[in-house]
Structure formats: structure tokens, C-alpha cells
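**Q** There's a structure below that I have some questions on.
The values are calculated or read from the model by the stated rules, or taken from the named source; none is laboratory data. Predicted, not measured: the structure shown is a model, and the values here were computed from it. No Cβ is skipped: glycine too gets one built from the backbone with ideal geometry, and neighbour counts run over all protein chains shown.
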């Protein structure tokens with residue numbers, strides 16, 4: 001078996017409209033398709049990340065909470081590459097998003113930082 005690339009990342013949110021606004025308006029992801037699935041009382045929002053990747057944002061009624069801090073077991077965080085981390089952080093802070101101080105990866109010497117989505121999912125910006 002040979003894997004080509006990551007196709008998408010799926011995220012389940014607690015408040016669809018709040019999370020949709022965050023990923024579309026705050027982070028600037030582009031909507032590919034929005035689907036309401038009546039039988040599941042659930043939305044599925046396909047979002048483009050650049051030209052190659054996608055995020056699937058789901059809403060399900062009564063989804064259980066999951067620990068979502070960087071050292072919890074399971075998926076650690078979602079990371080996006082940015083060209084200019086200072087500009088990206090300034091833009092987020094201008095939109096009222098709390099962002100951790102910028103750090104330097106001791107292995108790659110690249111700069112990065114973390115912030116959270118509306119459900120507390122850790123998101124990383126990693127400078128190109």
C-alpha cells in the first residue's frame with residue numbers, strides 16, 4: 001500500500017454556525033460544499049485549504065466532549081503552514097483570537113505558535 005497524501009481532516013464541532021464562521025471568516029478557508037443531512041440532523045461543510053487539502057467540518061447533535069490539549073492521547077493538533085507568522089498572528093489577534101507567544105522549533109529552527117478553535121481544538125501556525 002502506498003499513501004499519496006493526506007486527503008482531508010475531519011472536525012466535529014459543538015456549534016456549527018460559530019465554527020463555520022471561525023474557519024471561513026477568521027481563518028479564511030474557502031467553502032467547497034455545504035450539505036445538510038436531515039436524517040442525521042447534521043451539517044457537513046467541505047473547506048479548501050490551498051489547492052490540495054480539505055477540512056470536513058461536521059455537526060452532530062449531542063457529541064461527547066473530548067480532551068483536546070496538546071499532550072492528550074490521540075490527534076495532537078492541526079497545523080497550517082503560513083508564509084509570515086508575524087502577520088498571521090497580528091491578523092488573528094486583530095480578530096480577537098488569543099494566540100500563544102511565537103516559539104522556535106529546536107529541531108528545524110522554524111517559528112510556530114498555537115491558538116484554539118471555538119471548541120478548544122489546538123491549531124498551530126508553522127512558518128514556511
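**Q** If you take the residues in the range 14-30 that are part of a helix (DSSP H, G or I) and surrounded by 14 or more Cβ atoms within 10 Å (Cβ to Cβ), which one is farthest from the chain's Cα centre (by Cα)?
**A** Looking at the filtered set, the residue picked out is 16.
**Q** Here's something else I'd like to know. State which residue pairs qualify: first residue free of Cβ contacts under 8 Å to residues at least 40 places away in the same chain and inside the range 90-108, second residue part of a loop (DSSP other than H, G, I, E, B) in any location, beta carbons under 7 Å apart, and separation of 6 or more residues or different chains.
**A** Hits for this filter: 93/99.
**Q** Another question about this same structure. Suppose we keep only residues that are part of a strand (DSSP E or B) and free of Cβ contacts under 8 Å to residues at least 24 places away in the same chain within the range 35-45. Which one would you say is farthest from the chain's Cα centre (by Cα)?
**A** Step by step, filter the range 35-45, then rank; the result is 37.
**Q** For the range 82-93, give me the residue count where each residue is farther than 12 Å from residue 114 by Cα and either within 14 Å of the chain's Cα centre (by Cα) or modelled with pLDDT under 90 (or both).
**A** 1
**Q** Of the numbered conditions (1) over 17 Å from residue 128 (Cβ atoms); (2) surrounded by 11 or more Cβ atoms within 10 Å (Cβ to Cβ); (3) in contact (Cβ under 8 Å) with a residue 12 or more places away in the chain, residue 79 fails exactly one; give the number of that condition.
**A** The number of the failed condition is (1).
**Q** Can you tell me which residues in the range 35-49 are in contact with a strand residue (DSSP E or B) (Cβ under 7 Å, 6 or more places away or on another chain) and either exposed (fewer than 13 other Cβ atoms within 10 Å of the Cβ) or assigned by TED's automatic domain parsing to the domain that holds residue 125 (or both)?
**A** Hits for the range 35-49 are 35, 36, 37.
**Q** Only one of 52, 56, 100, 127 is touching a strand residue (DSSP E or B) at 6+ places or on another chain (Cβ under 8 Å) and under 20 Å from residue 7 (Cα atoms). Can you tell me which?
**A** 56
**Q** Would you mind stating whether residue 96 is on the phi > 0 side of the Ramachandran plot and modelled with pLDDT of 95 or more?
**A** Answer is yes for this residue.
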